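The values are calculated or read from the model by the stated rules, or taken from the named source; none is laboratory data. Keep in mind the model is a prediction, meaning the values are calculated, not measured. For neighbour counting, all protein chains shown are included, and Cβ atoms are generated from backbone atoms with ideal geometry for every residue, glycine included. To get the accessible areas, we keep the full protein, side chains included, count just its heavy atoms, and leave off ligands, DNA and RNA. Shrake-Rupley method; radii C 1.70, N 1.55, O 1.52, S 1.80 Å.
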Amino acid sequence: MNGARPGGRILLAADNPEVRTYIRGLLDRHWDVETANGGVEALVAARARPPDLVLADAMIPGKNGLALLRELRADASTRDLPVVMFSALSDDEVSIEAFEEGVDDYLIEPFTARELVARVSGAIKLARMRAEVAQARAEAEVASARASLVKVAAHELRTPLTVIGGYVSLLLDGSLPGDSPRARTALELVARKTEDALRLVTQMLLASRIEAGGVILNMSALDLRRPIAEAINRAAGLAVLENGQLTMTVPEQPVMVNGDWAHLGLILDNLITNALVHGRGASVDIVEIVVSDNPPTVRVIDHGRGVPAEARMRIFEAFFQVEGQLHGRGGVGLGLAVSRQLAELQGGSLVLEDPTRGMGASFALTLPGSVTPQG
């Protein structure tokens, strides 16, 4: 085979040696040409090293051209490869079926060298144009998502910062005496709004690190009951503000998992906060944290309205917010997306379970188990 050429590489599948030699001679001046004796050999070669185009005889024995085409289109790694077929028989049924299966072009022998080169070149150019359009669309979607993040984050950060600035001004100008109950209430509100802003910034930075592949895990064996207890303690203040009640059900024995303590804590914080803020049901919002050990799983269950059916498939998408539930509550729709990604990085999973009568939303976090500590 010649060295790599700017035109690219073609995989030629034909069982007749004379046909292979003839067609390769026509194409060799423009592209690198690799040959296969039949459909099975061509499929293996295409999967191992996808070419720029597959040129296949429709009548090759064994796995014929149509069967090869179907296999290529069914495989994600070769689905978008341009495929051109040729045949010595003018069979309209075969050619129509080939186009229905997704062939890019179909030639009937005899064809001239100029026609073959033009058809192959055109198919390769069209495939590259489709790839460029797809890449441009994907980049545009990423840019749009980032622009949305900046816009939404600016809006969500403005609320706590405005509150903080207002109360600090009142304290500084003496409108709120420093030792008065009103001043203490103001400082408590400032502290809460500062935590809101910090949590929002932390979520955005973590989402950026995950996207860049820069998350460092500190995995160890730990008793799942301990980070859960800490997360419930951290959420106690929010539970009071939201008129909520947290209940925990755990096994008597340690539930050992392999996990990253800090990131596990962040996942639990997100799930519990989400249940308290967005899972409101009756006058008192009861959030259940239930732990089971086979496999190690934490369920965070609220008794609110649950997740609407039309939103269930998108609930873990970044920036997605359920209409009427999340707006104005200090989030940008990153908490669940980040939590699922962190769970998967630790070898676990995070899913929204099927709705159950009498409950709202139930999120299940499952982690890989670890051996029970000795001693």
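Would you pick out the residues in segment 341-368 that are farther than 14 Å from ALA275 by Cα and at pLDDT below 90? Within segment 341-368, ASP354, PRO355, THR356, ARG357, GLY358 qualify.
Any idea which of LEU189, LEU176, LEU222 is open to solvent by less than 60 Å² (accessible area, probe 1.4 Å), over 30 Å from GLU317 (Cβ atoms) and not in a helix (DSSP H, G or I)? So the residue among LEU189, LEU176, LEU222 that is open to solvent by less than 60 Å² (accessible area, probe 1.4 Å), over 30 Å from GLU317 (Cβ atoms) and not in a helix (DSSP H, G or I) is LEU176. Selection of segment 253-264 for residues being closer than 15 Å to GLN341 by Cα and either open to solvent by less than 10 Å² (accessible area, probe 1.4 Å) or out of contact with any helix residue (DSSP H, G or I) (no Cβ under 7 Å at 6 or more places or on another chain) (or both) yields GLY259, ASP260, ALA262, LEU264.
Does LEU26 qualify as being open to solvent by less than 60 Å² (accessible area, probe 1.4 Å), of a type outside the set (Phe, Trp, Tyr) and touching a residue at least 40 places away in the same chain (Cβ under 8 Å)? Yes.
Only residues that are part of a loop (DSSP other than H, G, I, E, B) and either charged (D, E, K, R) or more than 20 Å from the chain's Cα centre (by Cα) (or both) were counted across segment 346-366, and they come to 9. The residues listed here are ALA318, ALA275, ALA311; of these, the one that is among the small types (Gly, Ala, Ser) and open to solvent by 40 Å² or more (accessible area, probe 1.4 Å) is ALA318. Within segment 194-212, identify whether any single residue is assigned to a helix (DSSP H, G or I), of a type in the set (Val, Ile, Thr) and open to solvent by 80 Å² or more (accessible area, probe 1.4 Å), and answer yes or no. No: zero hits.
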